[in-house]
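Note sheet for the following structure.
The values are calculated or read from the model by the stated rules, or taken from the named source; none is laboratory data. These figures come from a predicted structure and were not determined experimentally. In this analysis, Cβ positions are derived from the backbone assuming ideal geometry, glycine residues included, and neighbour counts consider all displayed protein chains. Protein only, heavy atoms only, side chains kept; ligands, DNA and RNA dropped before computing areas. Shrake-Rupley method; radii C 1.70, N 1.55, O 1.52, S 1.80 Å.
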Amino acid sequence: MAALKTPAEIDQMRAAGRFVAAVLTSLREVAEVGMTLRDLDTHAHAMIDQAGAHSVYLGYHPSFGAMPYPGVLCSSVNDAALHGLPSDQVLADGDVLSIDFAAEVDGWVADSALTFQLGTPDPEAQRLIAVTDEALAAGIAQARPGNRMGDISAAIGEIGRAAGFGINTDFGGHGVGRSMHEEPHVPNVGRRGTGLKLRPGLVIAIEPWFMAGGDGYTVDPDGWTIRTADGANAAHAEHTVAITLDGPVVLTARE
């Protein structure tokens, strides 16, 4: 398990959280039909440079990636659920776009994601996005001292399953702090009253991702892009959350 953060360290993490939130807010405002995923990546990169922040994605090369990560955003469209690469793909009317962004500010990392639809809204896509956001809120509400990790996971999974959505547990949330991926793992399915006991000072990224079809997924030859196995749309939502004596504090809250 990652080291617990002191209240002073959590305060220091707020700057990274505010920056990540500001970038995602800006991306949602500028994204439009006809733009490319690379356009969005360039926009975020410019904001990183202007702020003197540091991308924790660019050049990141875990064992599963066929190459070091080539951008500062994960931008995933429609059936691409996670880890979509920046590219010349042009955004079209009705596309479901998930943007995942993490950055380091003054030695601390924050991580967040959102999903929205471009152009003409589709009721089923809107329901998928809304339920994913609802599950994130439910998971955050359980991030309190004395609860257990299973309480967070169960809150997320129960909402996703009740809506009829696919959930895969190979990828989920994680600890965050001095680096992007720390212990513990935060699954999106679980049993209440089980798992790690939550303590003040634990900072985690809670991130449900649901699929409009089944639970299965495939990975593109790039080793990064995760797609739904049946071609259904996917949605992803994430916040960096500090567990405190007063309850959960969302460090990446957007205005």
Can you tell me which residues in the range 230-254 are open to solvent by 10 Å² or more (accessible area, probe 1.4 Å) and β-branched (Val, Ile, Thr)? Thr244, Val249, Val250
Output for the range 176-197, where each listed residue is in contact with a Pro (Cβ under 9 Å, 6 or more places away or on another chain) and surrounded by 21 or more Cβ atoms within 10 Å (Cβ to Cβ): Asn188
Kindly indicate the residue of the range 208-233 that is among the hydrophobic types (A, V, I, L, M, F, W, C) and touching a Leu at 6+ places or on another chain (Cβ under 8 Å) and also farthest from Phe101 (Cα to Cα) among those meeting that condition. Ala212
When the residues of the range 110-145 are narrowed to those that are part of a helix (DSSP H, G or I), of a type in the set (Asp, Glu) and closer than 14 Å to Trp209 by Cβ, which ends up least open to solvent (accessible area, probe 1.4 Å)? Asp133
Could you count how many residues in the range 203-227 are without any contact (Cβ under 8 Å) to a residue 60 or more places away in the chain and either at positive phi or not in a loop (DSSP other than H, G, I, E, B) (or both)? 1
Could you tell me how many of the residues in the range 180-202 are assigned to a strand (DSSP E or B) and under 25 Å from Ala163 (Cα atoms)? 2
Among (1) in contact with a helix residue (DSSP H, G or I) (Cβ under 9 Å, 6 or more places away or on another chain); (2) in a loop (DSSP other than H, G, I, E, B); (3) farther than 18 Å from Thr6 by Cα, Asp230 falls short only on (1)
I need the full set of residues from the range 26-45 which are within 20 Å of Asp111 (Cβ to Cβ), surrounded by fewer than 17 Cβ atoms within 10 Å (Cβ to Cβ) and of a type in the set (Gly, Ala, Ser), in order please. Ser26
Please indicate, with yes or no, whether at least one residue in the range 164-175 is over 30 Å from Gly94 (Cβ atoms), small (Gly, Ala, Ser), in contact with a strand residue (DSSP E or B) (Cβ under 9 Å, 6 or more places away or on another chain) and not in a helix (DSSP H, G or I). yes
